[in-house]
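As structure tokens, the structure follows; a few thoughts come after it.
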Amino acid sequence: MTDKQSIAYQDAMTACALIEAQGMTAQNMQRQQLGQSMAYVYVDFYNLIDKYGIHHNAIITNLTGG
């Protein structure tokens, strides 16, 4: 994979994580309006970093081809 391809891939994974986080936030807001407990808590949002490989080590590995 070229450097540009690696960066594009990382950008796509970041976009996926953001889209999923926005959906999770919307679900929590809806549940809050209904007086229900939150569907997603801090750890659920934090786990998106691993799910989409957007933590520091994954990014460095992706960019260095390791």
Q | Lys/Arg +1, Asp/Glu -1 at C-beta; the chain dipole; positive extreme among Q36, G65, G53 | A | Q36
Q) Ordered by residue, what ³J(HN,Hα) values in Hz, to whole numbers, does the stretch 44-50 give under the Karplus form 6.51 cos²θ - 1.76 cosθ + 1.60, where θ = phi - 60° and Gly and Pro are x? A) 5, 5, 4, 5, 4, 4, 6
Q: Return, for the Cα atoms of the chain, the radius of gyration and Dmax in Å, separated by a comma.
A: 15.2, 49
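Laboratory data are not the source of any read-out in this text; all were calculated from the coordinates shown. Keep in mind that what you see is a predicted model, and the values were worked out from it rather than measured. For neighbour counting, all protein chains shown are included, and Cβ atoms are generated from backbone atoms with ideal geometry for every residue, glycine included.
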